[in-house]
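Here the structure is laid out as structure tokens; the discussion comes afterwards.
The values are calculated or read from the model by the stated rules, or taken from the named source; none is laboratory data. Everything quoted here is computed from the prediction, not taken from an experiment. As a convention, Cβ positions derive from the backbone with ideal geometry for all residues, glycine included, and neighbour counts pool all protein chains shown. We work out accessible area using only protein heavy atoms, side chains counted, and drop any ligands, DNA or RNA first. Shrake-Rupley method; radii C 1.70, N 1.55, O 1.52, S 1.80 Å.
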Amino acid sequence: MDEAFIFDSHVAGKHFIGREQDCRALENLVSAHENVCIYDGPKTGKTSLIRKALTNLGTSGRRFLVPEMNMTGYRRREQFLCEFVSAILSKLASSPYEYKSIIEEFLPDTFINFDEQKYEETGDGIICKAEPVEEDVDAVLKFPYMLSKSRDMDICFVIDEFQNVLELPEGERLLRKMESISSSLRGKSRFSYIFCGSGLNTMKWIFAYRKFFFRDIVDVPLSAISEQDVIAHIVGGFRPSGKVIEKELIHRPYVIFRGNMWYINMMAFFCGARAIGYINERTITDAIESVIAVNVPRFRRMVDSLTVYQFSFLKAVLHGETRFSTTEVIERYSLNSSANVKRVKDALMKKEIVTFNDKDEAQVIDPLFEYWFRRDVLKDNIVKEKF
């Protein structure tokens, strides 16, 4: 039986909920070969949106070559460059001969080489012959533009967890080079990037604060998924199994999870596993507790990483404080000084626990962590009022 509530992978087809306008906007941008950045907290639907938009383009007759790479764990520049080439060739070449031919055509005399034995063993034969020099970096980063122009093909390169580029030695220099090459070559080919990342604050720093790819990239923010869409999804998901849930009961988990479909689908899955027919409020409460239990070890590690000042600042955020550098707030939460407030704020942003909008208003990134921290750590009465 087709599982209605998917939380272990990206979703597609009828399981894709809401964000139709986001999807159309992304389709239009990709069709126009615009560079795009999409960033939000973990498990917020970024990959599902990208896959949905690219699938829609494919069914409409637009054929894109879509190399993909995930930068989790990248710490060396040569690793990035080799995987960059490999991601493209894995979508284009299907034999050792084709791999060798493309490398000889577009990356001759570079540090990139093809190892046929490695290819036979792993399916990926790209290796680094030596430490890359600047000419090698240029050649690799220009490779997809040259390929797109030479083969007259549309290429959209999706790089996930792109915030890790700053973990590479000379990461900012690499970013500047990517930016410069894009600025000079993008209009001369049918190649573009989608930079995706769950390091919300780091991605903001790259694209909104430091403005890399300025005027050469479009930010596609994820819109909120409406409560009505969530209600329709859950009620409809239970219908084939004969299980019934009152629409009004969905409001509380929607608020707790702040519309996050990963958490909502997980909760609905636990509801379905527990209920025989009618899903009541107790079933939903137990399912919410199960979702919390799955994530508590991660939440505890987050709290254990906090210093005394960081803990106090987070408490101030959850109590609705906004003027953190005022004498009153500093004294109430023992934040020491306004200079210390800035250091603590930056540290919490670096840990990707709190983010700030354009008005400098704070929000805890993970909605369930916020709920758990209020209820189980602060033991705050506001939980009963808000949730």
Fill in the blank from the handout: Probe 1.4 Å, heavy atoms of protein chains only: per residue, the accessible area of the chain in Å² is 49 Å²
Completion exercise
With R₀ set to 25 angstrom, the calculated FRET efficiency between the beta-carbons of GLU328 and LYS350, to the nearest 0.05, is 0.40
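Return a whole-number percent for the relative contact order of the chain, with Cα pairs under 8 Å and 6 or more residues apart as the contact set. Don't skip to the end; give the middle numbers.
Numbers: 491 pairs, mean separation 70.6, N = 387.
Dividing the mean separation by the residue count of the chain yields 18 percent.
Hey, what D do you get for the range 198-342 in µm²/s if you plug the Kirkwood alpha-carbon radius into Stokes-Einstein at 25 °C and 0.890 mPa s? Intermediate results must be reported in sequence, preceding the final value.
On the way: Rh = 18.8 Å.
It comes out at roughly 131 µm²/s.
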Exercise for the section: Just read off the accessible area of GLU98 with the full protein assembly in place, 1.4 Å probe, to the nearest 10 Å². Expected result: 70 Å²
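Could you quote the convex hull projected area for the chain, Cα atoms only and averaged over all directions, in nm²? Each step should come with its number before you reach the end.
Numbers: hull surface 88.2 nm².
Mean shadow area of the hull around the Cα atoms is 22.1 nm².
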Handout entry: Debye-sum result for the range 68-170 in log10 I(q)/I(0), which assumes one identical scatterer on each alpha carbon, at q = 0.19 Å⁻¹
Key = -1.00
Handout entry: Area projected by the alpha carbon convex hull of the range 1-116, averaged over all directions, nm²
Key = 10.4 nm²
Fill in the blank from the handout: Using a 1.4 Å probe on heavy atoms of the protein chains only, the accessible area for PHE299 in Å², nearest 10, reads 0 Å²
Handout entry: Portion, in percent, of the accessible area of the chain that falls on carbon or sulfur, probe 1.4 Å
Key = 49 percent
Problem - Longest to shortest principal axis, alpha-carbon extents of the range 190-260, angstrom - result: 51, 30, 16
